[in-house]
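Encoded as structure tokens, the structure appears first; notes follow it.
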Amino acid sequence: MRSRLLLFAVRALRSGPFLPHRFLQTTRVLADRGFKQGRGTGDTGKSSLFNNERRWKDDDAFAALGATDELSSFLGVCGQLAEKDSQLQDLVETLTRLQCCLQDVGAHLATPSGSSEKKTKLTSFDGEMVEWINAEIDRYGDELPPLKQFILSGGGATSANLQYARAVCRRAERAVVALVRSESADPQALKFLNRMSDLLFVLGRYACMKNQKEELTYLRPSSFTKLRWHRKKLSKQE
């Protein structure tokens, strides 16, 4: 089922202009067919990649696929928060497009080296996504004041969740490193995830600014408390 979803998503994305509704329409068509026939094929701890190769679910490929899937799912949470906020409507489309890009990344990661030429070509990574994400970083970043010190996650619910998404994105990036090192994935896919984490950082600050929240900054503990850290052994008598 996962392989079919990836295939349909890639076809939808590459059959015309990159519009979120194409992807969403594709998922509705699949949903009409129910979950899937022959369910339970992964009960033994193995699953199939796009080339139908069966691997254990703790394989590097599935670790990377799971991490990017988790990231996409959490971007959905961020998108729902932004949709409820009249000040952040522009973020909704950006986050939806990021989800679509991640579906494309997943299709690429699910097609290991040695797959057929047809499938490899179909799921090859599109470098234009990197250029798009760079442009988004500039577009939102130009709206923000300069960053002069370390900041903490916070600044409102949407901002905090976007910063959390950034951390999830970093984990996905680390998972893809193994595939790049084994030459099973295009380094551009890794570059895309690295730039996405930068964008999510910028979007978190942007949401904070739009919601007129305070941006939390890092302070050394000694600057706001007179307590001195000390160590001691724990005992049941205390």
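The values are calculated or read from the model by the stated rules, or taken from the named source; none is laboratory data. Not measured: the values here are computed from a predicted model. Neighbour counts are summed over all protein chains in view; Cβ atoms, including those assigned to glycine, are modelled from backbone coordinates with ideal geometry. Side chains included, ligands, DNA and RNA excluded: accessible areas come from the protein's heavy atoms. Shrake-Rupley method; radii C 1.70, N 1.55, O 1.52, S 1.80 Å.
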Distance from the Cα centre of the range 39-88 to that of the range 135-167, in angstrom?
24 Å
Hey, what does the equivalent ellipsoid look like for the range 142-204, semi-axes from the Cα gyration tensor as sqrt of 5 times each eigenvalue, largest first, whole Å?
27, 12, 9
Among Gln188, Ala175, Ile133, whose Cα sits farthest toward the positive end of the charge dipole of the range 109-230 (+1 at Cβ of Lys/Arg, -1 at Cβ of Asp/Glu, about the Cα centre)?
Ala175
Carbon and sulfur together cover what percent of the accessible area of the range 98-165 at a 1.4 Å probe radius?
53 percent
Sorted by chain and then number, the residues having a modelled amide H within less than 5 Å of the amide H of Ile151, at least 5 places away or on another chain, are Tyr218
Enumerate the amide H contacts of Phe125 below 5 Å, restricted to partners 5 or more residues apart or on another chain; note that Pro and chain-start residues carry no placed amide H.
none
Quick check on packing: order 123-129, 94-100 by the mean number of other C-beta atoms within 10 Å, highest mean leading.
94-100, 123-129
For Gln80 and Lys57 in one chain, what is 0.36 nm times their gap in residues minus the Cα-Cα distance, to one decimal in nm?
5.3 nm
Using θ = phi - 60° and the Karplus form 6.51 cos²θ - 1.76 cosθ + 1.60, what ³J(HN,Hα) does each residue of the range 122-137 get, whole Hz, x for Gly and Pro?
4, 10, 4, 6, 8, x, 5, 5, 5, 5, 4, 5, 4, 5, 5, 4
Which distance in nm do the two modelled labels at Asp142 and Leu216 give, with both placed 7 Å along the Cα-to-Cβ direction?
3.2 nm
